[in-house]
Amino acid sequence: MNSPPDLTADRTRAFALTPVSRETAVRLDRFVALLLQWQRTTNLIAPSTIAHLWTRHIADSLQLIDLAPDARTWIDLGSGGGFPGVVVACALADREGAMVHLVESNTKKAAFLREAQRVVQAPVTVHAERIEAFAARFTGRADVVTARALAPLKALLDQSFRLLGTSGATALFPKGENAQLELGEAGKVWNIKVNLVPSRTDPAARIVVIGELVKRGVTH
């Protein structure tokens with residue numbers, strides 16, 4: 001059996017980029033240990049990113065919190081291996097009224113997310129269903145909607161418009177170097193009030209921050 005990778009240096013870099021409390025660090029350590037255990041049998045993250053798990057996935061997720069510092073109710077679409085949803089929940093565990101809804105249709109990944117909630121004791125609710133089904137039935141108010149490495153921006157907006165339009169939530173969508181191109185495609189269908197924030201973990205990447213979203217009257 002292969003020994004677990006030594007991620008100490010990468011962990012240090014991650015916390016230098018996105019500092020957290022000692023309590024949050026303990027929760028994140030538990031989460032990473034669980035993730036590496038499940039990764040042996042379930043493909044939760046790309047194997048090529050394991051050596052930089054802390055900076056590539058943990059810090060990349062944590063940086064979203066500073067873009068919505070007062071948010072309590074988060075909805076994470078296509079949560080997969082728990083990024084950014086579980087990571088955000090670990091950081092918000094001591095915030096009164098905090099809740100992160102994780103929407104994941106893959107049953108194995110949903111099972112992992114439930115186990116992660118049990119292990120880290122963070123404010124998480126797992127919804128094992130498709131995004132469209134969740135969006136159609138969710139009647140609460142959300143502060144933030146996130147999605148990471150899930151779909152092109154236009155498709156994300158099609159899937160999440162019910163959540164963004166009815167709750168007034170802010171969308172935080174981490175994107176790679178093609179963020180501007182994706183925004184141009186989405187702009188053909190949507191009127192978007194948007195801000196592109198540079199990522200702390202990848203100089204070429206951007207976080208798409210959407211405050212207002214209205215579908216254009218005529219689409220082609």
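Summing Cβ point charges (Lys, Arg +1; Asp, Glu -1) relative to the Cα centre of the chain gives a dipole of roughly 300 debye.
For the range 159-200, just say rounded, prolate or oblate: build the C-alpha gyration tensor, square-root its eigenvalues into a ≥ b ≥ c, call rounded for a/c under 1.5, and beyond that prolate if a/b exceeds b/c, oblate if not. Oblate shape, in that a/c is at least 1.5 and b/c is the bigger or equal ratio.
For the range 132-190 versus the range 1-50, the spacing of their alpha-carbon centroids is 27 Å.
Over the chain, dividing the summed -39,500 (n - 2.57) contributions of all DSSP H runs of at least 4 residues by the number of residues returns a 222 nm mean residue ellipticity of -11000 deg cm²/dmol.
Taking a sphere under 15 Å around the Cβ of residue 15 and counting the other residues whose Cβ falls inside, with K and R at +1 and D and E at -1, yields a net charge of +1. Annotation: extensible slack from residue 162 through residue 139 equals 7.3 nm (criterion: 0.36 nm per residue apart, minus Cα-Cα distance). Between the amide H of residue 75 and those of 101, 144, 145, 146, distances stay under 5 Å, these residues lying 5 or more places away or on another chain, with hydrogens modeled in the peptide plane. Its relative contact order, with pairs defined as Cα atoms under 8 Å and 6+ residues apart, puts the chain at 16 percent. For the pair residue 49 and residue 193, the difference between a 0.36 nm per residue extended length and the Cα-Cα distance amounts to 48.6 nm. Once backbone amide H atoms are built at 1.01 Å from N, residue 207 has 175, 197, 199 as its partners under 5 Å, excluding neighbours fewer than 5 places away on the same chain. Under 1.5 on a/c is rounded, so check that first for the range 5-109, then, if it is not, pick prolate when a/b is larger than b/c and oblate when it is not; a ≥ b ≥ c are the square roots of the alpha carbon gyration tensor eigenvalues. Oblate, because a/c is 1.5 or more while a/b does not exceed b/c. Less than 5 angstrom separates the built amide H of residue 129 from those of 104, 105, all sequence-distant by 5 or more or on a different chain.
Just the number, please: carbon plus sulfur as a percent of the accessible area of the chain, 1.4 Å probe, no ligands or DNA/RNA counted. Could you put the intermediate results ahead of the total?
Details: 5390 of 10770 Å².
Its accessible area is 50 percent carbon and sulfur atoms.
Computing FRET efficiency as 1/(1 + (r/R0)^6) for residue 180 and residue 132, where r is the C-beta to C-beta distance and R0 is 25 Å, gives about 0.40.
Backbone phi angles across the range 30-39, fed through the Karplus curve with coefficients 6.51, -1.76 and 1.60 (θ = phi - 60°), yield HN-Hα couplings of 5, 5, 5, 4, 5, 4, 5, 5, 6, 4 Hz in residue order; Gly and Pro are listed as x. For trypsin sites (Lys or Arg not before Pro), the sites in the range 127-156 that DSSP calls loop and that have at most 15 other Cβ atoms within 10 Å are 130, 141.
Positive contributions from Lys and Arg (+1) and negative ones from Asp and Glu (-1), summed over other residues with Cβ under 11 Å from the Cβ of residue 76, come out at 0.
Over the chain, with the other protein chains present, what is the accessible area per residue in square angstrom, probe 1.4 angstrom?
On a per-residue basis, 49 Å².
Over all other residues within a Cβ to Cβ distance under 14 Å of residue 211, the charged ones net out to -1, with Lys and Arg as +1 and Asp and Glu as -1.
Once the piece of chain linking residue 107 and residue 155 is laid out straight, how much longer is it, given 0.36 nm per residue of separation minus the C-alpha distance between them? Please list the in-between numbers first.
Details: separation 48, 0.36 × 48 = 17.28 nm, distance 2.21 nm.
Extra length from residue 107 to residue 155 when fully extended: 15.1 nm.
Within the chain, the longest segment free of exposed loop sites, counting GluC sites (Glu not before Pro) that fall outside DSSP classes H, G, I, E and B and have at most 12 other Cβ atoms within 10 Å, spans 1-95. For Cα Rg over 2.2 N^0.38 Å, the choices are (1) 1.29; (2) 0.99; (3) 0.94; which was calculated from the structure? The value computed from this structure is option (2).
The values are calculated or read from the model by the stated rules, or taken from the named source; none is laboratory data. It should be emphasised that the depicted structure is a prediction, and the values quoted were computed from it without experimental measurement. In this analysis, Cβ positions are derived from the backbone assuming ideal geometry, glycine residues included, and neighbour counts consider all displayed protein chains. We work out accessible area using only protein heavy atoms, side chains counted, and drop any ligands, DNA or RNA first. Shrake-Rupley method; radii C 1.70, N 1.55, O 1.52, S 1.80 Å.
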